[in-house]
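What follows is a set of notes on a single structure, which appears directly below.
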Amino acid sequence: MLDRQAGENGLQRARQQVVFDVSRRYMQVLLDQELLRIAQENLGSQKELLLQIEGFVDAGLRTLSDLYNQQAEVARVESIVLDAELALANDRWLLGEYLQLEKGKVPHLEPVDFSSKAGISPELNLGYWTDQALTARKDLLQAELLENSYKKDFQAVKAMLYPRINGFYNYGTFYTSLDSRAIKSQLLDIYPQNTFGLSLSIPIFNGFLTRVDMARSKMTYQNQILRREALDRKVHQEVVLAYQTYLNAVKKSENSKVRLLAAQEAQKAVAERFRLGLSNFVDLATANQTLVNAEADLAQATYTLYFQEVWVKFALGTLEV
């Protein structure tokens, strides 16, 4: 019975693991799509800037070095787009492989609605999360049930070393056609037999098989204790990591928004100064790169924060399947 309950808990945890793995791969593909979009938009902006610089050079407002630098920048951004496309294709194939899709088929995912995410209250303390995990984690419940099961097995094997006394009682009757008396009389009055007694079994020598079985059972029980204790530590570490990562994700999301706004304003100012001939190409390239990095960091922070609820529920053992 305990083994069956342990198996059911193990199966439930395995299902949670599948949901967690699919969610993680799903969010990675969505992030790759967003990073590819940012890279493609940046490439379009750099190509437009290249056309502007060509016009400035023809008008004598910019030098050929600015033109060559921008051509190199366009080539660099094109390489980034190619890398982003490759990363998206690779992660999409990995998700399809995990989902065991048919050969040649890749998943096309629906975007997520970030506004529908309820979020997790950061005021919840770490102790509350840890207590919840200790009672909800199916793998921990499985380990505890197996420990109790192995303990009972060890006690049962150990009991074989001691004398055993058994009481028994048997009742039997029968009917025969050779007897002319009534069937009811034969069954109830003539042939009923009652047997009862006691049996005493004293183990003397069985080739030390009982002691070998007891040693093996004891080792299995003690090993399970060690596995359960190790799992206790692992659960605590996973909860602490999920808690800290969630708080960091919230802060990174807020910081990324501030950074993006600042980068947008800085890029606009530098681009205008460059158009007026008051800034050089290096300043403009730096401002553009800072803006692209800020957009990518915000995308990373946004998707990471969105996925954190799944991670936290998985660590706590409350992830729905």
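Taken together, the values in this text are just the output of simple stated rules run on the coordinates, not laboratory data. As the structure is a prediction and not an experimental result, all values here were calculated from the model. As a convention, Cβ positions derive from the backbone with ideal geometry for all residues, glycine included, and neighbour counts pool all protein chains shown.
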>> Among [x] 53; [y] 72; [z] 60, only one was calculated for this model; which label is it, if the read-out is percent of Cα pairs over 25 Å apart?
In response: [y]
> What residue among 44, 277, 167 has the largest mean-square fluctuation in a Gaussian network model of the chain, using Cα springs under 10 Å?
Replying inline: 167
>> Per residue of the stretch 222-227, what does 6.51 cos²θ - 1.76 cosθ + 1.60 with θ = phi - 60° give for ³J(HN,Hα)? Whole Hz please, x for Gly and Pro, Karplus curve as stated.
In response: 5, 5, 5, 4, 5, 5
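Would you mind estimating how fast the stretch 163-202 diffuses translationally, via Stokes-Einstein at 4 °C and 1.567 mPa s with the Kirkwood radius over Cα pairs, in µm²/s?
107
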> Using the Cβ atoms and a cut-off under 13 Å, what net charge is assigned to the surroundings of residue 259, where Lys and Arg are +1 and Asp and Glu are -1?
Replying inline: -1
> Between residue 160 and residue 173, what is the label-to-label distance in nm when each label sits 7 Å out along the Cα-to-Cβ direction?
Replying inline: 4.0
> Which lysines, on any chain, are close to residue 105 with Cα under 26 Å apart, when same-chain ones fewer than 8 places away are left out?
Replying inline: none
> How much net charge surrounds residue 14 when only other residues with a Cβ under 14 Å from its Cβ are counted (Lys, Arg +1; Asp, Glu -1)?
Replying inline: +1
> HN-Hα J couplings of the stretch 250-262 from phi, Karplus 6.51/-1.76/1.60, θ = phi - 60°, integer Hz, Gly and Pro as x?
Replying inline: 4, 5, 5, 5, 5, 5, 5, 5, 5, 5, 5, 4, 5
> Which pairs, out of 158/218; 152/234; 138/234; 138/313, put more than 21 Å between their alpha-carbon atoms?
Replying inline: 152/234
>> Please list, in order, the residues from the stretch 123-153 whose amide nitrogen is less than 13 Å from a point placed 7 Å along the Cα→Cβ vector of residue 15.
In response: 138
>> Rounded to whole Å, give me the distance from the Cα center of the stretch 280-302 to that of the stretch 153-182.
In response: 85
> In whole Å, how far is the Cα centre of the stretch 196-252 from that of the stretch 65-89?
Replying inline: 56
> What is the magnitude of the charge dipole of the chain about its Cα centre, with +1 placed on the Cβ of each Lys and Arg, -1 on the Cβ of each Asp and Glu, and no other charges, expressed in debye to the nearest 20?
Replying inline: 1820
> Once the dipole of the chain is set up with Lys and Arg at +1 and Asp and Glu at -1 on Cβ about the Cα centre, which of 214, 101, 247 lies farthest towards its positive end?
Replying inline: 214
